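Quick notes on the structure that follows.
The values are calculated or read from the model by the stated rules, or taken from the named source; none is laboratory data. Note that the structure is a prediction, hence the values are computed from the model and not measured. Methodologically, a virtual Cβ is constructed for each residue, glycine included, from the backbone with ideal geometry; neighbour enumeration extends over all protein chains shown. Surface accessibility is based on the protein's heavy atoms, side chains included, excluding ligands, DNA and RNA. Shrake-Rupley method; radii C 1.70, N 1.55, O 1.52, S 1.80 Å.
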Amino acid sequence: MSTRKTLQELTLKDDFMFGTVMAEEKNCRDFLELVLGFPIGRIEVIREKTMAYHPENRGVRLDVYAKDNEEKRYNVEM
């Protein structure tokens, strides 16, 4: 049985809230710049991207996948 939380009860640690906050380009870029310590140009954010490396294996689900204008890719996980 899952327990539903109100919006006020959610924190950044909740999947829904994390994905929602990081889906905003500015939020995601600011977070990455803070963590990585270097400026990042414009980024494209994709929520919950699934990547499969081989058809017989399970894929990997990325919470937030971002790509900058220099084609660098970032996987942002809680």
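If you go through region 2-42 and pick out every residue that is part of a loop (DSSP other than H, G, I, E, B), open to solvent by 50 Å² or more (accessible area, probe 1.4 Å) and not charged (D, E, K, R), you end up with 8.
For region 23-40, check the following and say yes or no: at least one residue is modelled with pLDDT under 70 and more than 11 Å from the chain's Cα centre (by Cα). First the steps, then the outcome.
Residues of region 23-40 that are modelled with pLDDT under 70, as a first pass: none.
Checking region 23-40: not a single residue is modelled with pLDDT under 70 and more than 11 Å from the chain's Cα centre (by Cα).
Take the conditions (1) modelled with pLDDT under 85; (2) surrounded by 12 or more Cβ atoms within 10 Å (Cβ to Cβ); residue 58 misses just one of them, which is (2).
For residue 45, state whether it is surrounded by 11 or more Cβ atoms within 10 Å (Cβ to Cβ), of a type in the set (A, V, I, L, M) and either part of a helix (DSSP H, G or I) or modelled with pLDDT of 85 or more (or both). Please lay out each step first, then the result.
Numbers: surrounded by 11 or more Cβ atoms within 10 Å (Cβ to Cβ): yes; of a type in the set (A, V, I, L, M): yes; either part of a helix (DSSP H, G or I) or modelled with pLDDT of 85 or more (or both): no.
The answer is no for residue 45.
Residues in region 61-77 that are open to solvent by 40 Å² or more (accessible area, probe 1.4 Å) and in contact with a Gly (Cβ under 9 Å, 6 or more places away or on another chain) were compared, and the one that is modelled with the lowest pLDDT is 69.
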